[in-house]
Amino acid sequence: MDGDLDPTKGMYWAWQSGYINIKIEGKSTSCKTRNNEFQFHIGGYREPNYMMRKVEFNCNSNDNITIAIDLKDFFSNINLAQTNSVMIPCKLATELANDSVKMFHLE
């Protein structure tokens with residue numbers, strides 16, 4: 001719980017669900033929220049809401065790689081007018097965690 005995993009960096013829930021694996025926040029005119037804001041904090045370690053996912057790439061150990069994140073892939077199945085916040089481990093958070101692996105790409 002130090003370095004990048006230090007709770008003061010905002011990626012840890014103090015209650016019994018552990019680390020936030022993905023935190024995506026922003027604004028969209030599609031959101032009918034105050035200031036058009038959305039928040040997705042995806043995490044949890046207890047079944048059935050275990051959120052950790054593995055992203056794997058085929059590359060040589062000597063390769064210098066760049067990993068890109070395309071948020072379009074994350075938002076492709078989200079209607080921000082209807083769903084603009086996920087802040088707890090739940091079925092929707094599990095679905096978003098499953099979809100999240102698609103947003104990572106080698107460049």
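The values are calculated or read from the model by the stated rules, or taken from the named source; none is laboratory data. Predicted model only: the values in this text are computed from it and were never measured. Heads up, the Cβs are rebuilt from the backbone with ideal geometry, glycines too, and the neighbour counts pull from every protein chain shown.
Side notes on the structure shown:
- When Ile65 is tested against (1) in contact with a Cys (Cβ under 7 Å, 6 or more places away or on another chain); (2) in a helix (DSSP H, G or I); (3) not polar (S, T, N, Q), just one condition goes unmet, and that condition is (2).
- The set of residues in region 16-54 that are of a type in the set (S, T, N, Q) and assigned to a strand (DSSP E or B) comprises Asn21, Gln39.
- Hits in region 50-71 (condition: out of contact with any Pro (no Cβ under 9 Å at 6 or more places or on another chain) and among the aromatic types (Phe, Trp, Tyr)): Phe57
- Taking the criterion of being modelled with pLDDT of 85 or more and charged (D, E, K, R), the residues of region 52-70 that qualify are Arg53, Lys54, Glu56, Asp70.
- Close contacts from region 18-46, counting a first residue that is surrounded by 17 or more Cβ atoms within 10 Å (Cβ to Cβ) and a second that is acidic (Asp, Glu), with Cβ to Cβ under 9 Å and a gap of 6+ residues or different chains, come to Cys31/Glu37; Phe38/Glu25; Phe40/Glu25; His41/Glu25.
- Conditions (1) assigned to a helix (DSSP H, G or I); (2) out of contact with any helix residue (DSSP H, G or I) (no Cβ under 9 Å at 6 or more places or on another chain); number of the one not met by Cys59: (1)
- Scanning region 84-96 for residues that are more than 21 Å from Lys27 (Cβ to Cβ) and surrounded by fewer than 21 Cβ atoms within 10 Å (Cβ to Cβ) yields Ile88, Cys90, Lys91, Thr94, Glu95.
- Some residue of region 32-41 being hydrophobic (A, V, I, L, M, F, W, C) and within 16 Å of Leu96 (Cα to Cα): yes
- Scoring Asp73 on the criteria (1) within 29 Å of Gly3 (Cβ to Cβ); (2) touching a Lys or Arg at 6+ places or on another chain (Cβ under 7 Å); (3) of a type outside the set (A, V, I, L, M); (4) at pLDDT 90 or above leaves a single failure, condition (4).
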